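> Just passing along the structure, written as structure tokens.
The values are calculated or read from the model by the stated rules, or taken from the named source; none is laboratory data. Small disclaimer: the values here were computed from a predicted structure and weren't measured. Cβ atoms come from the backbone with ideal geometry, glycine included; neighbour counts cover every protein chain shown. Note: areas computed on protein heavy atoms with side chains; ligands, DNA, RNA excluded. Shrake-Rupley method; radii C 1.70, N 1.55, O 1.52, S 1.80 Å.
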Amino acid sequence: MYNIAIVGATGNVGRKFLEILEERNFPIENLYLFASKRSHGSYLPFKGQDYLVEETCEDNIKNKKIDFALFSAGGDTSLKYAPIFASYGAIVIDNSSAWRMNKEVPLVVPEVNPEDLKLHKGIIANPNCSTIQAMVPLKVLIDNYGIKRIVYSTYQAVSGAGMQGIKDLEDGLKGISPKKFPYPIAGNCLPHIDVFLDNGYTKEEMKMIEETRKILHSPNLKITATTVRVPVLNSHSESINVELEKSFNIEDIITLFEETKGLTVYDNTKELKYPTALDVNGKDDVYVGRIRRDFSVDNGLNLWVVADNIRKGAALNAVQIAEYLINNK
């Protein structure tokens, strides 16, 4: 049995942590919930009991023996408190972008690069939600065919922008002006996730590029990305165009995908079967469909990849990391 802390427990992902830990019957002896000062003293339910939410501060950490600390409280909180939790013996699994590109911190999708977990020094990074779902099929392709180039086009749900992102969509449907997004999201698509950088890309786009290279151990892999916020409540969709190094036939790739843990092939155009955000909402697996050759380039392949961004794209991936560490001591 393990002592678990959730940092950012009152947020979207924090609550999803609790839901998934209960669903998977994670072996918990003691559960500790942390959030900001304004949430101190509130309670959250877990397995029929109410648990106190404490302010995230060292005084509330040091007197507890914590095995795993699951973080989803923003980058500033992670930078400040992840080392503190680790100094008291916890393994931190952080959902923010704070530690992802740190060379001392493994960036892990358990189905893809679990071997990197052995390199951790008390802190492990959860990749960006849009990166996580792409990695599962791309790992199959790079291992079997090699990859020359990747083109990402993402269609990301408002839940990825937190509670205020969801509220902007709900308000927009009532004609109320947005507060989170620069333009209305209802009935609209915004090619702008996170801040714009000097190179013309957004920070979200560069996250996908850099994280993909790190996870796949391919620092020179050619990648470009366009990330778009769409008026969908939950689950991210991605069009992924891949140029492989070796020739292939589609049937072999589908078979490899079908044999991959955590990946569901849902692809039958004659029956109009392909993954959608509504269908995948609440599911653990990454779903792939529209698997077809790109005839405009040698060894080109198109994929349509959909996953629940709050489950697999955040909370579930972190819990799976903890489970892997428990099962592979």
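> Can you tell me what the convex hull of the Cα atoms of segment 182-234 projects to on average, as an area in nm²?
4.6 nm²
> Using the Cα atoms as the points, what is the convex hull volume per residue of segment 42-142 in Å³?
Per-residue hull volume (Cα only) is 131 Å³.
> I've got another one for you. Based on the Kirkwood radius over alpha-carbon pairs, what is the Stokes-Einstein translational diffusion coefficient of segment 1-77 at 37 °C with 0.692 mPa s viscosity, in µm²/s?
265 µm²/s
> Here are several values of mean projected area of the Cα convex hull in nm²: (i) 17.9; (ii) 20.0; (iii) 14.6. Which one was derived from the coordinates shown?
Calculated mean projected area of the Cα convex hull in nm²: the matching label is (i).
> I would also like to ask the following. If you project the alpha carbons of segment 270-316 onto the principal axes, what extent comes out on each, in Å, largest first?
Sorted largest first, the three principal extents are 38, 25, 11 Å.
> Another one. Can you order the peptides 154-161, 231-238, 52-59 by their average number of other Cβ atoms within 10 Å per residue, highest first?
In decreasing order of mean packing, 154-161, 231-238, 52-59 become 154-161, 231-238, 52-59.
> Quick check: at a probe of 1.4 Å, how many percent of the accessible area of the chain sits on carbon and sulfur atoms?
Here carbon and sulfur together make up 49 percent of the probe-accessible area.
> Give a residue-ordered list of calculated ³J(HN,Hα) values for segment 57-69 (Karplus: 6.51 cos²θ - 1.76 cosθ + 1.60, θ = phi - 60°; whole Hz; x for Gly, Pro).
Each residue of segment 57-69 in turn: 7, 4, 4, 8, 9, 5, 8, 10, 8, 10, 8, 10, 10 Hz.
> Quick check for you: with a 1.4 Å probe and neighbouring chains kept, what is the accessible area per residue of the chain, in Å²?
Ligands and nucleic acids excluded, the figure is 46 Å² per residue.
> Let me ask something else. Over 17 Å apart: what share of the alpha carbon pairs of segment 91-169 falls there, rounded to a whole percent?
Every Cα pair in segment 91-169 considered, those over 17 Å come to 57 percent.
> Please list the non-local residues whose amide H lies under 5 Å from the amide H of Ala225, H modeled 1.01 Å from N, same-chain partners needing a gap of 5 or more.
Tyr152
> What does DSSP give for the chain in terms of the percent of beta bridges that are antiparallel, rounded to the nearest 5?
50 percent
> Using 7 Å Cα-to-Cβ label points, what is the Tyr88/Tyr183 separation (nm, one decimal)?
Simple spin-label model gives 4.6 nm for this pair.
> Within segment 247-311, which trypsin sites (Lys or Arg not before Pro) sit in a loop by DSSP and count at most 16 neighbouring Cβ atoms inside 10 Å?
Answer in residue order: Lys261.
> List every residue whose amide H lies under 5 Å from the amide H of Ser42, counting only residues 5 or more places away in sequence or on a different chain, with H placed 1.01 Å from N in the peptide plane.
Val53
> Spelling out what I want: for every residue of segment 229-241, take phi, set θ = phi - 60°, compute 6.51 cos²θ - 1.76 cosθ + 1.60 (Karplus), and round to whole Hz; glycine and proline get x.
With coefficients 6.51, -1.76 and 1.60, one gets 8, 10, x, 10, 5, 8, 5, 8, 10, 9, 9, 10, 9 Hz.
> Can I ask one more? Taking the Cα centroid of segment 1-75 and of segment 236-299, what is the distance between the two, rounded to the nearest whole Å?
That distance is 36 Å.
> Given 0.36 nm per residue, what is the gain on full extension from Lys103 to Asn302 after removing their alpha carbon distance, in nm?
Extra length from Lys103 to Asn302 when fully extended: 68.5 nm.
> Please tell me the relative contact order of the chain in percent, rounded to the nearest whole number, where contacts are Cα pairs under 8 Å and at least six residues apart.
Answer for the chain is 17 percent.
> Let me ask something else. Evaluate the relative contact order of segment 154-277 (contact order divided by residue number), counting alpha-carbon pairs under 8 angstrom at least 6 apart; express in whole percent.
This gives 29 percent for segment 154-277.
> Which whole number in µm²/s is D for segment 131-241 by Stokes-Einstein, with the Kirkwood Rh taken over Cα pairs at 4 °C and 1.567 mPa s?
87 µm²/s
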